[in-house]
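K.L.:
If you scroll down you'll find the structure; I have some questions about it.
The values are calculated or read from the model by the stated rules, or taken from the named source; none is laboratory data. What you see is a predicted model; the values in this text were computed from it and never measured. Note: ideal-geometry Cβ built from the backbone for every residue, glycine included; neighbour counts use all protein chains shown. Surface accessibility is based on the protein's heavy atoms, side chains included, excluding ligands, DNA and RNA. Shrake-Rupley method; radii C 1.70, N 1.55, O 1.52, S 1.80 Å.
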Amino acid sequence: MNTTTFILVAILYYVVTVAILILVLNLISRHDKKKYSNEITELERDKNLIISASILSELNKVEPLVNNENMSETYNGWQEKFKKIKDEEVPKITDALIEIEDLFHEQKYKELKQKIAETELQIYYVKTKANFLLDEIKEITLSEEKNRETITKLKSSYREIVAKYNNNKEDYKEVEGPLELQFENVDKLFSAFELSMDKNQYTEVGKIVKAIDDTIGNLKIVIEETPSIILLVKKLIPKKIADIKRIEEKMTKEGFNLDFLNIDYNITESNKKIADIFQRLNVLNLEDSIFELKTILDYFDSIYNDFDKEKVAKKIYEEYSRTILIKISKLEKINNDLYKKIDDIKYSYDLSDEEASIIDTIHHELKNLREEYDRVINLYRSKRSYYTKLAKEMELINIKLIKTEEKLEVALRTLGSLKEDELRAREQLDDIKNILKKSKNKVREFKLPFVPKNYYVELSEATMAINDIVKELDKTPISIKILNTRVDTARDLVLKVYTNINELVKTAKMAELAIVYGNRYRILNKDVDLGLLKAENSFYKGNFKLALENAINSINIVEPGIHKRLIDEYKNE
């Protein structure tokens, strides 16, 4: 590409870029113009809606109703407010809209945006004032229809109240006077309403309607709740109080301490509250009366639950007081026996101070539990506490006692296993003696021509070990650790004697058998005769293993295979 072509391409790119940029700016400008044009149109519409025909129409409706000074002042005030909105505030909005139009045509969008926001706020403010004015005017123009409709409903509700009262006069005997007086007041208010409506005193009418509504609303509550209040005040609560007092007296005679329930104090306070409710009832003030009476009733119902809890707690307390006493006495006896022998036990069973401390710990725990138990028993005897608390404390003592009992059981199991070691040692001593006896009998029964010296050495060691066990068992107290060592040593030595003598006798038997078997071949073979002679010499010297080997090797000369048969027989012996 030469220089000219490159310059032309660059110019082309530049022209296209500028064209695209111009197009984009035009599109943005058109979009902004359309957006602002729509906003200006919306502002014009909102301005025109401020002065609606409704205000003028409602003002025209009020004019014939002006027949007193108050209505005249109110009407003139509305006229002035309407004139100010129409002649002062709306023109200002019009001027602002003209300024907005100018900015729009001059495309001063930054200033235009700010002015639109200010004008929107101004229109909203004036429109709110106009709507508020319209609502004020409608309060009068619609008041007759609205008030008539309200009064009609109130009269219907009032008739129902009066009918219910007349049909159930006995239920309202306590408040007959205040109710009759209130009925008269309502009748007067209805008359005052009609008079005010005739005179177009609409400012007074609203007050009268509200007074009638409040009075009838209160009467409705009185008619609905008074029978329940009287029933609660005159019958249910007094009956419940009398019943609770009766049960309290009976339980007190049976030994229950019910001071913690503060029954007398709470009855006094409840009676004060009931008296206050009844006084308020006489002036037809029933605010929270039902709630307060139900709260009082719920409280007295809860007393029954407290009585039941006390009765159950008494049974629990009495059961615990028996079982704990039996258990704690039993554990104390066992532990005291151990505690007295603690030094002997430590020596006998080779217990460390830490291991033996469990007995001391249990001793002190039982002592503390006994003190706690005695404290609760003394508290019961003094009649200063109630069973719910006593039962709870006994339950806590029982829980602690169970834990202590478990510790004692573990200690007893540990000591029991050590005691079993002593019994097991005595049984093993008999077994060891029997094994040693069998060893001696074996030597005597076979009549060995020669008994090796090591047999007597081993026999002596085993006998001494047995004597050590006997001495250890005769000691008071016995050291289980030393005893177990003595038993293990004696058992090992006796088993060694038994094993060695067994092996010796078996070898001697086999050697003797082989020599006797080989005698048949002596005259047939000099080598056999010589070998058997060596075997006999070794046999009488007590070297039974060598005697067996010489005899087998000699016989094998004339009877090959005898070696294997005799070896097998030796192994099976």
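K.L.:
For the range 321-331, how many residues are of a type outside the set (S, T, N, Q) and open to solvent by 50 Å² or more (accessible area, probe 1.4 Å)?
P.N.:
Going residue by residue through the range 321-331, those that are of a type outside the set (S, T, N, Q) are 322, 324-328, 330-331.
Then keep just the ones that are open to solvent by 50 Å² or more (accessible area, probe 1.4 Å); that gives 322, 325-327, 330.
Matching residues across the range 321-331 total 5.
K.L.:
At pLDDT 75 or above, open to solvent by less than 30 Å² (accessible area, probe 1.4 Å) and under 15 Å from R426 (Cα atoms), is that true of V470?
P.N.:
On the way: at pLDDT 75 or above: yes; open to solvent by less than 30 Å² (accessible area, probe 1.4 Å): no; under 15 Å from R426 (Cα atoms): yes.
For V470, the condition - at pLDDT 75 or above, open to solvent by less than 30 Å² (accessible area, probe 1.4 Å) and under 15 Å from R426 (Cα atoms) - is not met.
K.L.:
Provide a single number: the residues in the range 513-526 that are touching a helix residue (DSSP H, G or I) at 6+ places or on another chain (Cβ under 7 Å), open to solvent by 50 Å² or more (accessible area, probe 1.4 Å) and either free of Cβ contacts under 8 Å to residues at least 12 places away in the same chain or of a type in the set (G, A, S) (or both).
P.N.:
1
K.L.:
Give me a count of the residues in the range 362-398 that are farther than 11 Å from I328 by Cβ, open to solvent by less than 80 Å² (accessible area, probe 1.4 Å) and of a type in the set (A, V, I, L, M, F, W, C).
P.N.:
Number satisfying all stated conditions: 7.
K.L.:
If you don't mind, another one. Hey, any hits in the range 249-257 for a residue that's exposed (fewer than 15 other Cβ atoms within 10 Å of the Cβ) and either among the hydrophobic types (A, V, I, L, M, F, W, C) or modelled with pLDDT under 80 (or both)?
P.N.:
Scanning the range 249-257 turns up no residue that is exposed (fewer than 15 other Cβ atoms within 10 Å of the Cβ) and either among the hydrophobic types (A, V, I, L, M, F, W, C) or modelled with pLDDT under 80 (or both).
K.L.:
I would also like to ask the following. Which of the residues spanning the range 165-177 are surrounded by 15 or more Cβ atoms within 10 Å (Cβ to Cβ) and more than 19 Å from K234 (Cα to Cα)? Let's see the steps before the verdict.
P.N.:
So in the range 165-177, the residues surrounded by 15 or more Cβ atoms within 10 Å (Cβ to Cβ) come out as 165, 171-172, 174-175.
Within the range 165-177, Y165 is the sole residue that qualifies.
K.L.:
If you check every pair at least six apart or on different chains, which have Cβ atoms under 7 Å apart with a residue in the range 358-380 that is under 17 Å from E318 (Cβ atoms) first and a residue that is of a type in the set (D, E) second?
P.N.:
Pairs that qualify, where the first residue is under 17 Å from E318 (Cβ atoms) and the partner is of a type in the set (D, E), are V376/E393.
K.L.:
Step by step: first the residues of the range 487-512, then only those that are in contact (Cβ under 8 Å) with a residue 40 or more places away in the chain and open to solvent by 30 Å² or more (accessible area, probe 1.4 Å), then the one that is farthest from the chain's Cα centre (by Cα). Which residue is that?
P.N.:
Out of the qualifying residues, it is K509.
K.L.:
Go through (1) open to solvent by 40 Å² or more (accessible area, probe 1.4 Å); (2) in a helix (DSSP H, G or I) for E287 and report which single condition fails.
P.N.:
Here E287 clears every test but (2).
K.L.:
Limited to the range 391-422, what total is found for residues that are under 17 Å from K315 (Cβ atoms) and at pLDDT below 85?
P.N.:
Here the count works out to 0.
K.L.:
Still on this model: May I ask you to list pairs of residues, at least six apart or on different chains, whose Cβ atoms are under 7 Å apart, with the first in the range 161-181 being in contact (Cβ under 8 Å) with a residue 60 or more places away in the chain and in a helix (DSSP H, G or I) and the second being of a type outside the set (V, I, T) and open to solvent by 80 Å² or more (accessible area, probe 1.4 Å)?
P.N.:
That search, which allows pairs on different chains as well, returns I161/K220.
K.L.:
Continuing with this model, one more query. Exactly one condition in (1) modelled with pLDDT under 75; (2) open to solvent by less than 30 Å² (accessible area, probe 1.4 Å); (3) outside any helix (DSSP H, G or I) is false for G542; which is it?
P.N.:
Checking G542 against (1) modelled with pLDDT under 75; (2) open to solvent by less than 30 Å² (accessible area, probe 1.4 Å); (3) outside any helix (DSSP H, G or I), the one that fails is (1).
K.L.:
Looking at this structure, is L293 under 38 Å from the mean Cα position of the chain (by Cα), under 20 Å from V222 (Cα atoms) and not in a loop (DSSP other than H, G, I, E, B)?
P.N.:
Answer is yes for this residue.
K.L.:
Which one is farthest from F307 (Cα to Cα), of the residues in the range 222-241 that are aliphatic (A, V, I, L, M) and open to solvent by 60 Å² or more (accessible area, probe 1.4 Å)? Step through it out loud before you land on a result.
P.N.:
Pass one, the range 222-241, residues aliphatic (A, V, I, L, M): 222-223, 229-233, 236-237, 241.
Retained after the next criterion (residues that are open to solvent by 60 Å² or more (accessible area, probe 1.4 Å)): 231, 236.
Details: L231: 25, L236: 19 Å.
Looking at the filtered set, the residue picked out is L231.
K.L.:
A follow-up question, please. Open to solvent by less than 90 Å² (accessible area, probe 1.4 Å), modelled with pLDDT of 85 or more, assigned to a helix (DSSP H, G or I) and within 30 Å of N441 (Cβ to Cβ), is that true of N537?
P.N.:
yes
K.L.:
Follow-up. Looking only at the range 146-172, count how many residues are over 17 Å from S228 (Cα atoms), under 54 Å from the mean Cα position of the chain (by Cα) and not acidic (D, E).
P.N.:
Matching residues across the range 146-172 total 1.
K.L.:
Oh, and also: Of the numbered conditions (1) in a helix (DSSP H, G or I); (2) surrounded by 15 or more Cβ atoms within 10 Å (Cβ to Cβ), Y456 satisfies every one except a single condition; which is it?
P.N.:
(2)
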